[in-house]
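Notes for the one structure printed next.
The values are calculated or read from the model by the stated rules, or taken from the named source; none is laboratory data. All values derive from a computational prediction rather than experimental measurement. Reconstructed Cβ throughout: ideal geometry from the backbone, glycine too, with neighbour counts over all protein chains shown.
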Amino acid sequence: MPPSDRPSSGHAVDRLQGSAAVERLHEAHDRILAQLSRVIVGQHQVVEELLISLFSRGHCLLEGVPGLAKTLLVSTLARSLDLSFSRIQFTPDLMPADITGTDILEEDKTSGARQVRFLEGPLFANVVLADEINRTPPKTQAALLEAMQERQVSVGRVRHRLVDPFFVLATQNPIEQEGTYPLPEAQQDRFMFKVFVRYPTFDEEFEIARRTTGAASEETQPVLSAEDIVSLQRSVREVPVSDHLVRYALTLVRQTRSGEKGVPDFVSDQLAWGAGPRAVQFLVVGAKARALLQGRSHVTVEDIQALAAPVLRHRIVVGFAADSEGVTPDAIIRRIIENTPAREDELTRDPRFQTIFAS
């Protein structure tokens, strides 16, 4: 091979490092699933989306009726990852200091000297379960969302860094809205995914009943440390993605913006508000994580399509008329995907999408 055609040593090292990252994350994925399956029955899609969010440095909003083991799932995930876990039960009287922490005046019994010491709140954990986040007032919700975004809390004039990795999973109950404080769409945008936790199948519920009514219990073993997870999160960011896939993700998001150029008529008729730029960021980085978890070093269109619903469903607002007819965000997202060519040549040559690219 001529010298000019040989791969440089730097490129060879990059490929070796990329291959190692794929193997590490794919192996970690299988080991985590094996541990979770010892306690959790079913909910495979929920688990996959939680792992994608975790390794993408995102946060998740889980929605489901009571009794679907959301708390058990999150605590088991924390144990399988050897991470500290904290559960916060949100109530109407919960104050911001109850979750962030507060300064206390402490006296040294030997010397009698007094000093101010910061007492950490439950947010200072690797995995935080914010249970029924829509039951606490907006000021406490805002304290949590600020911590999610900034990865720090401010008490007085002092900023306290949160531990790394930091992963928030907030739950909300969709069947009881009286006396609640629904998260505004602008604040839901802080969550990478909105994940629906659905009822188990017959066979899964049969296995749940068999396991939980017996004397035997399964214990999970930690398979990854906090340092391992931080390293794998960096590996996700290093996965290359083609311009076409970024353009495809951007096209999906821009088609949710009612009234913009190139937007389909059904979107303008059914959506009152569309997704912002953060949706594109989460689509791309989530697709990278999904590829690595499945043992691939390259991102595909299918990765983008698979994550479109959890990324977009809480970022778009269905209009009143469409909502009264039972039109859901997921149905609109599916229709947008069906009307968007996946092939690069078809996408770039279509006059409607050329209008979107030029806007």
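Values for this structure:
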quantity	calculated
Test set (1) in a helix (DSSP H, G or I); (2) of a type in the set (Val, Ile, Thr); (3) crowded, with 18+ Cβ neighbours inside 10 Å - residue 256 fails condition number	(1)
Inter-residue pairs, beta-carbon under 7 Å, first farther than 17 Å from residue 307 by Cα and in the range 333-357, second aliphatic (A, V, I, L, M) and part of a helix (DSSP H, G or I), 6+ apart	353/347
One residue from 25, 62 being modelled with pLDDT of 80 or more, farther than 13 Å from residue 127 by Cα and of a type in the set (A, V, I, L, M)	62
Number of positions in the range 115-131 that are farther than 23 Å from residue 105 by Cα and of a type outside the set (Asp, Glu)	6
Answer residue from the range 338-359, given it is among the β-branched types (Val, Ile, Thr) and crowded, with 19+ Cβ neighbours inside 10 Å and is modelled with the highest pLDDT among those	340
Conditions (1) within 30 Å of residue 207 (Cβ to Cβ); (2) touching a Pro at 6+ places or on another chain (Cβ under 8 Å); number of the one not met by residue 135	(1)
Qualifying residue in the range 307-328 (condition: surrounded by fewer than 15 Cβ atoms within 10 Å (Cβ to Cβ), assigned to a helix (DSSP H, G or I) and among the aliphatic types (A, V, I, L, M))	yes
Residue ranges of strands (runs of 3 or more DSSP E) in the range 147-230 with at least 3 members farther than 20 Å from residue 71 by Cβ and either of a type in the set (Asp, Glu) or not assigned by TED's automatic domain parsing to the domain that holds residue 41 (or both)	none
Any hit, the range 241-253, residues being assigned by TED's automatic domain parsing to the domain that holds residue 303, of a type in the set (Asp, Glu) and not in a helix (DSSP H, G or I)	no
